[in-house]
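A.B. asks: Structure below; questions to follow.
Read the figures in this text as sums done on the coordinates, not as results from a lab. No experiment lies behind these values; they were computed from the predicted model shown. A quick note on method: Cβ atoms are made from the backbone with ideal geometry, for glycine too, and the neighbour counts reach across all protein chains shown.
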Amino acid sequence: MPPSADTTDAQVEAGLIADVGRGDREAFRALYSRYKIPLFSLAVRMVGNSSDAEELLQDTFVKIWRGASSYDPGESRPFTWVVTILRRTCIDYFRRKRTHLGSTPLLDVNGAPPEIHSRDDTRRATQDSEDSSLLRGALAEVPASQRQALELVLFSGMTHIEIAQRLQEPVGTIKSWIRRGLLQLRTHLENSAP
């Protein structure tokens with residue numbers, strides 16, 4: 001769908017998702033290019049390291065490819081829809097990890113945590129720190145009320161209703177804050193990309 005002067009980003013992205021839903025690989029590449037940086041930054045923030053975030057990003061895009069035909073632009077904005085898919089993918093990751101950790105000893109025979117470090121670990125830690133700094137900077141640009149609602153929905157798994165109760169605001173206000181916060185976060189992350 002070629003964008004016109006009156007076409008908003010959300011309309012272009014909704015069109016791309018519709019095209020992806022019809023199996024259009026070029027639309028998928030365009031959607032990936034638009035969303036890879038903000039989604040990766042959010043994944044790093046959610047899971048704490050870039051290697052797991054990369055895997056979760058890939059899983060998210062597979063789900064986007066498979067589920068694009070079910071996207072309803074009347075239900076949510078495109079970026080909100082993909083962030084929701086990422087968030088659910090991260091929640092599934094934590095559930096699997098919790099189940100796996102339940103059967104894995106976390107301490108060595110002396111009762112101390114195992115210390116295994118490699119160059120890859122150091123490189124990953126450096127990249128994670130850079131990604132985390134980028135995301136912290138992006139979140140700092142979002143107004144405080146939006147940032148608080150955004151952090152609660154992304155990192156605590158709370159629903160809009162739970163956030164509204166916690167912040168003592170109407171649900172519509174919370175939804176609006178989250179939507180605007182996500183858009184500002186995405187814009188900042190895209191503008192900060194190398």
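A.B. asks: Determine Rg/Rh for the range 8-103; Rg is computed over alpha-carbon atoms and Rh is the Kirkwood hydrodynamic estimate from the same atoms.
C.D. replies: With Rh from the inverse mean 1/r over Cα pairs, Rg/Rh is 1.01.
A.B. asks: For every other residue with a beta carbon closer than 12 angstrom to the beta carbon of residue 174, add +1 if it is Lys or Arg and -1 if Asp or Glu, then tell me the sum.
C.D. replies: Neighbour charge sum, excluding residue 174 itself: +2.
A.B. asks: Are there GluC sites (Glu not before Pro) in the range 28-90 that DSSP puts in a loop and that have at most 11 other Cβ atoms within 10 Å, and which ones?
C.D. replies: Taking the range 28-90 and a limit of 11 other Cβ atoms within 10 Å, the loop GluC sites (Glu not before Pro) found are 75.
A.B. asks: Using the alpha carbon gyration tensor of the range 34-84, what are the three equivalent-ellipsoid semi-axes (square root of 5 times each eigenvalue), largest first, in whole Å?
C.D. replies: Those come to 21, 12, 8 Å.
A.B. asks: Taking the Cβ of each residue in 77, 22, 45 as the centre, tally the other Cβ atoms inside 10 Å and list the residues starting with the fewest.
C.D. replies: 22, 77, 45
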